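The structure under discussion appears below in the form of structure tokens.
Read-outs throughout are calculated quantities, based only on the coordinates presented, and are distinct from any laboratory measurement. Just so it is clear, the model here is predicted, and its values are computed rather than measured. Reconstructed Cβ throughout: ideal geometry from the backbone, glycine too, with neighbour counts over all protein chains shown.
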Amino acid sequence: TQLLEQSPQFLSIQEGENLTVYCNSSSVFSSLQWYRQEPGEGPVLLVTVVTGGEVKKLKRLTFQFGDARKDSSLHITAAQPGDTGLYLCAGDDSWGKLQFGAGTQVVVTP
Amino acid sequence: EAGVTQSPTHLIKTRGQQATLRCSPISGHTSVYWYQQALGLGLQFLLWYDEGEERNRGNFPPRFSGRQFPNYSSELNVNALELEDSALYLCASSLIRRQGQLEQYFGPGTRLTVT
């Protein structure tokens with residue numbers, strides 16, 4: 001089983017600060033997805049990274065895939081209260097299913 | 001375009017009963033995935049259906065089962081409910097992978113409470 005470890009588990013910051021969430025594994029994934037989930041709702045796909053070293057930007061969110069395709073990071077610049085949520089990374093294990101990390105709960109206070 | 005839909009939104013059952021949860025994928029998607037998300041825990045993979053066939057299942061007992069219909073909608077059945085089955089059950093759909101990318105789109109979930 002390929003395990004994805006996310007850190008930190010919980011992050012509480014003030015509006016305007018920056019934050020980084022990490023997703024690490026000892027296994028190689030063919031692609032990796034990041035999702036955001038709000039309480040009582042399903043996860044929403046934010047981005048997919050495929051190529052080692054790839055960097056994708058989505059407004060104030062920057063996603064990076066490690067060169068060896070084993071790890072990824074999500075960086076949020078100037079966080080806003082609307083960024084509050086559970087951030088999940090998920091790796092494509094090439095067997096038709098995603099392996100999810102346990103998630104990082106981000107709370108941004110005004 | 002409509003997203004993934006799930007019904008019911010909430011379901012309350014007593015221990016020992018059976019629960020049936022339903023999912024309709026995004027139009028054109030042939031694969032349906034089921035996940036269990038217990039309170040405070042991550043998503044645990046339950047089942048994957050594609051083109052009407054069960055392709056893979058997670059580490060769950062046989063009382064968790066399901067099926068996919070010709071229109072690609074899916075049903076998850078949980079027999080002999082136990083208290084620890086209380087969780088948010090999420091359904092996701094995807095297209096057949098392209099260039100190694102597997103992107104899943106989730107429904108809002110069914111909150112199952114077993115008393």
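Hey, fewest Cβ within 10 Å first, where do A:Lys56, A:Lys97 land in order? Don't skip to the answer; put the middle values down first.
Working: A:Lys56 15, A:Lys97 25.
Ordered by Cβ neighbours within 10 Å, fewest first: A:Lys56, A:Lys97.
Can you find, among B:Leu83, B:Ser73, B:Pro62, the residue farthest towards the positive end of the dipole of region B:17-97? Put +1 on the C-beta of Lys and Arg, -1 on that of Asp and Glu.
B:Ser73
Residue by residue through region A:26-36, which ³J(HN,Hα) values in whole Hz follow from phi under the Karplus form 6.51 cos²θ - 1.76 cosθ + 1.60 (θ = phi - 60°), with glycine and proline marked x?
8, 10, 8, 10, 6, 7, 9, 10, 10, 10, 10
Where q = 0.08 Å⁻¹, what log10 of I(q)/I(0) comes from the Debye formula for the protein assembly as shown, counting one point per Cα?
With one equal scatterer per Cα and no solvent, log10 I(q)/I(0) is -0.29.
Would you order B:His29, B:His10 from fewest to most other beta-carbon atoms within 10 Å of each residue's own beta-carbon?
Details: B:His29 18, B:His10 10.
Final ranking by Cβ density, sparse to dense: B:His10, B:His29.
With +1 on each Lys and Arg Cβ and -1 on each Asp and Glu Cβ, how big is the dipole of region B:17-97 about its Cα centre, in debye rounded to the nearest 20? Working shown, then result.
Working: 6 positive and 8 negative charges, 25 e Å.
Its charge dipole is roughly 120 debye.
Share of Cα-Cα pairs in region B:17-97 beyond 15 Å, in percent? Don't jump to the answer; show the numbers that get you there.
Values: 1716 of 3240 pairs.
Counting pairs separated by more than 15 Å, the tail of P(r) holds 53 percent.
Please label the shape of region A:47-110 as rounded, prolate or oblate, based on the square roots a ≥ b ≥ c of the eigenvalues of the alpha-carbon gyration tensor (a/c under 1.5 means rounded; beyond that, a/b larger than b/c means prolate, else oblate). Could you put the intermediate results ahead of the total?
Numbers: a/c = 2.83, a/b = 1.56, b/c = 1.81.
Cα axes put region A:47-110 in the oblate bin.
Taking other Cβ within 10 Å of each residue's Cβ, how do B:Val4, A:Val50, B:Val32 sort, fewest first? Write down the numbers at each step before the final one.
Numbers: B:Val4 23, A:Val50 16, B:Val32 29.
The most exposed by this proxy come first: A:Val50, B:Val4, B:Val32.
Run the simple label-point estimate for A:Ser30 and B:Thr9 please: 7 Å along Cα→C-beta, distance reported in nm.
Placing both labels 7 Å along Cα→Cβ, they lie 3.7 nm apart.
Which percentage, to the nearest 5, of the DSSP beta bridges contained in chain B is antiparallel? Kindly include the intermediate steps, with their values, before the conclusion.
Details: 36 of 40 bridges.
Approximately 90 percent, going by the DSSP bridge assignments.
Can you pull a Stokes-Einstein diffusion coefficient for chain A at 4 °C (1.567 mPa s), Rh from Kirkwood over Cα pairs, as a whole number of µm²/s? Intermediate values should be presented prior to the final figure.
Values: Rh = 13.8 Å.
Stokes-Einstein gives a translational diffusion coefficient of 94 µm²/s.
List every residue whose amide H lies under 5 Å from the amide H of B:Leu47, counting only residues 5 or more places away in sequence or on a different chain, with H placed 1.01 Å from N in the peptide plane.
The list, which skips near neighbours in sequence, is B:Trp34, B:Gly58.
Looking at A:Leu4, A:Gly85, A:Ser30, which one has the Cα that reaches farthest to the positive end of the dipole of chain A (charges on Cβ: Lys, Arg +1; Asp, Glu -1)?
It is A:Ser30, whose Cα lies furthest towards the positive end.
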